[in-house]
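Here the structure is laid out as structure tokens; the discussion comes afterwards.
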Amino acid sequence: MLSFVFTCQSTAISDHYAEADSGARAIGVSENLTLFSGRKAPLPLDVIIIGCGLGGLAAAHTLGHAGHRVTIVESAPAIGEIGAGIQVTPNVSRLLIRWGLGPHLKKIAVKPEAIALRRYKTGELVGWTKWGDTMETEHGSPYFHIHRADFHQLLLDIAAPVSTLRLNSTVTSIDPAGPRPRITLASGEVLSADLIIGADGVKSMVREIVLGEPTKATATGDAAYRAIIPTEAMLADPELRPFVDNPEMTGWMGPRRHIMGYCIRAKREYNLVMLHPDDGSVESWTAEGSAEKMRADFDDYEPRIKKLLSMVPSTLKWKLMDRKPIATWIHHAGRVVLLGDSCHPMLPYRAQGAAMAIEDAAVLGNLLSRLTHPAQLMPILRGYEALRHARTAATQASSRLNQHIFHLPDGPAQAARDASMRAALAAERAKWAARGVGVPDYVDAAAGEAVGPEFSGEGNSNQWADQRKNREQFGYDADEEAERWWREKGERTCGHALAQAQAQELESAGSPAFAARL
């Protein structure tokens with residue numbers, strides 16, 4: 001069993017990094033866990049993961065449990081995460097629960113009861129979809145809101161027993177040539193492995209190695225303020241208290257701007273993400289923004305927003321850049337592969353960035369738990385890419401669509417959007433009424449006449465009301481998809497690769513050159 005090189009607490013490494021909650025510890029969970037029905041790779045690999053974010057830690061966890069020898073290299077001198085919330089949707093929570101983290105999530109996360117979409121100026125409710133226990137009933141796993149630092153700490157704790165972490169280890173160059181690709185650190189040290197995984201984020205160095213050229217990012221025209229408010233002050237205000245007592249994800253939609261707010265840390269904190277036109281910010285999680293400018297940017301929003309923003313002493317500001325899907329995630333030599341934001345960075349409008357990275361890690365670990373021969377590595381990596389590329393590209397597109405939907409200027413298109421959302425709201429209320437389940441009074445007041453029992457939400461402006469999209473996004477099980485690929489294609493493909501390699505080995509063994517070496 002491997003261990004971390006340093007004692008890795010979530011120690012703040014700058015004013016912008018947050019301590020993990022004391023309840024966000026999962027020590028001992030990984031040691032008692034069995035993944036992949038106990039299957040370990042007959043051929044264990046030396047694996048280097050570049051990057052210690054959520055995706056890198058998840059990959060270290062799954063690959064370590066698949067029997068591989070994993071080293072994570074991270075440029076930061078200490079482990080830390082920014083003070084911000086993150087959404088753990090059912091497609092991710094089912095993996096985290098499978099990894100033994102269910103009790104910890106229940107302790108420190110918040111289960112939102114619904115998503116509520118409102119007009120920016122008045123707070124009028126135009127869209128509403130029930131979540132809460134419905135997510136488990138319909139998609140097999142809960143929806144949680146959690147602090148990023150707590151999420152990171154949980155993954156750190158389950159990765160630690162099956163991997164080695166090297167902090168303060170900046171990668172300056174990569175030689176991708178097989179069979180043992182190499183990385184060079186800023187110290188001059190050279191490390192080699194059987195497989196290198198680039199989990200180094202949106203500004204990935206590994207992506208350039210895989211593609212052989214830089215990739216261009218396109219400015220979305222948006223930037224995001226992020227802030228966290230202690231809910232103690234909100235509970236003292238009758239107008240703000242309902243946001244805590246009945247935790248929902250609330251979105252306020254306005255021209256070129258929107259705000260999302262939700263509770264985290266067992267409802268002790270309220271997370272705000274405020275999207276607005278970019279005015280010269282940088283693509284960084286830790287760039288400081290002006291709280292006064294933030295308030296001015298949302299000065300035309302309803303009174304409750306003004307109250308919330310008056311409670312924000314400081315904020316982080318993040319420029320949003322978009323990147324199109326790339327052609328391949330695998331270097332042609334077959335020994336370097338990408339994962340997470342390095343190959344499919346997500347805009348935040350669909351809350352799926354970390355989710356896609358963790359799904360990647362689950363699929364990759366599952367597939368590589370079956371590795372028996374070096375000749376099977378490339379077919380398995382191609383299977384990973386085939387399983388993940390289309391899904392992540394579709395999720396990227398869905399995120400871009402929400403940017404357009406949320407930011408419509410006042411006018412005919414905005415009115416049509418609101419009418420579409422209201423139709424879904426009315427159908428949602430009618431559905432629950434038919435089941436004898438009540439909804440909040442403000443939903444009753446906002447709901448019009450239902451459109452009928454056959455309403456599916458297909459193409460609705462509230463993407464969370466679209467039942468097909470929900471099934472595809474939230475019903476996805478990364479392990480099941482990996483197992484299905486193996487049954488339908490992988491076993492045959494990898495068996496063929498093994499037979500070819502063994503035939504070549506036999507042919508080489510019978511050659512004069514081979515005999516001369518004996």
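Just a few scattered comments:
- Qualifying residue in segment 403-415 (condition: of a type in the set (Gly, Ala, Ser), buried (at least 17 other Cβ atoms within 10 Å of the Cβ) and assigned to a helix (DSSP H, G or I)): no
- Residues located in segment 185-207, provided they are part of a strand (DSSP E or B) and touching a residue at least 24 places away in the same chain (Cβ under 8 Å): 185, 191, 192, 195, 196, 197, 198
- Scanning segment 80-95 for residues that are open to solvent by less than 10 Å² (accessible area, probe 1.4 Å) and in contact (Cβ under 8 Å) with a residue 60 or more places away in the chain returns 82, 84, 85, 88, 89, 90, 91, 92, 95.
- Residue among 429, 388 that alone is over 20 Å from residue 464 (Cα atoms) and in a helix (DSSP H, G or I): 388
- In segment 66-79, the residue that is nearest to residue 193 (Cα to Cα) out of those that are open to solvent by less than 10 Å² (accessible area, probe 1.4 Å) and either without any contact (Cβ under 8 Å) to a residue 40 or more places away in the chain or not in a loop (DSSP other than H, G, I, E, B) (or both) is 70.
- Filtered residues of segment 149-167 (kept if open to solvent by 20 Å² or more (accessible area, probe 1.4 Å) and touching a Phe, Trp or Tyr at 6+ places or on another chain (Cβ under 9 Å)): 160, 164, 166
- Once segment 262-319 is narrowed to residues that are of a type in the set (Phe, Trp, Tyr) and modelled with pLDDT of 95 or more, the residue that is farthest from the chain's Cα centre (by Cα) is 301.
- The lone exception for residue 387 - which of (1) open to solvent by less than 10 Å² (accessible area, probe 1.4 Å); (2) within 21 Å of the chain's Cα centre (by Cα); (3) over 24 Å from residue 134 (Cβ atoms) it fails: (1)
- Scanning segment 171-184 for residues that are in contact (Cβ under 8 Å) with a residue 24 or more places away in the chain and in a strand (DSSP E or B) returns 171, 174, 183.
- Residue match in segment 323-340 (condition: part of a helix (DSSP H, G or I) and under 27 Å from residue 90 (Cβ atoms)): yes
- Any hit, segment 189-207, residues being at pLDDT below 95, within 23 Å of residue 54 (Cβ to Cβ), surrounded by fewer than 21 Cβ atoms within 10 Å (Cβ to Cβ) and not aliphatic (A, V, I, L, M): yes
- Within segment 96-107, the set of residues being of a type outside the set (Lys, Arg), touching a residue at least 12 places away in the same chain (Cβ under 8 Å) and part of a helix (DSSP H, G or I) comprises 96, 97, 104, 105.
- Residue list for segment 96-130, filter: open to solvent by less than 20 Å² (accessible area, probe 1.4 Å) and within 30 Å of residue 449 (Cα to Cα): 112, 114, 115, 116, 117, 120, 123, 125, 126, 127, 128, 129
- Scanning segment 132-170 for residues that are among the basic types (Lys, Arg) and in a loop (DSSP other than H, G, I, E, B) yields no hits at all.
- Helices (runs of 4 or more DSSP H) completely within segment 433-487 that count 3 or more residues being open to solvent by 60 Å² or more (accessible area, probe 1.4 Å) and modelled with pLDDT under 90: none
- Single residue of segment 1-51 satisfying the filter (open to solvent by 50 Å² or more (accessible area, probe 1.4 Å) and among the small types (Gly, Ala, Ser)) that is modelled with the highest pLDDT: 37
- The set of residues in segment 309-340 being under 30 Å from residue 295 (Cβ atoms), open to solvent by 10 Å² or more (accessible area, probe 1.4 Å) and not hydroxyl-bearing (Ser, Thr, Tyr) consists of 311, 313, 316, 317, 318, 319, 321, 322.
- Index of the failed condition, residue 306 passing every other in (1) farther than 27 Å from residue 43 by Cα; (2) part of a loop (DSSP other than H, G, I, E, B); (3) open to solvent by 30 Å² or more (accessible area, probe 1.4 Å): (2)
- Within segment 108-131, the set of residues being assigned to a loop (DSSP other than H, G, I, E, B) and among the basic types (Lys, Arg) comprises 111, 121.
- Residue list for segment 208-248, filter: surrounded by fewer than 20 Cβ atoms within 10 Å (Cβ to Cβ), among the small types (Gly, Ala, Ser) and not in a helix (DSSP H, G or I): 212, 217, 219, 221, 236
The values are calculated or read from the model by the stated rules, or taken from the named source; none is laboratory data. Model, not experiment: these values are computed from the prediction. All Cβ positions, glycine included, derive from the backbone under ideal geometry; neighbour counts span all protein chains shown. For accessibility, only protein heavy atoms count, side chains too; no ligands or nucleic acids. Shrake-Rupley method; radii C 1.70, N 1.55, O 1.52, S 1.80 Å.
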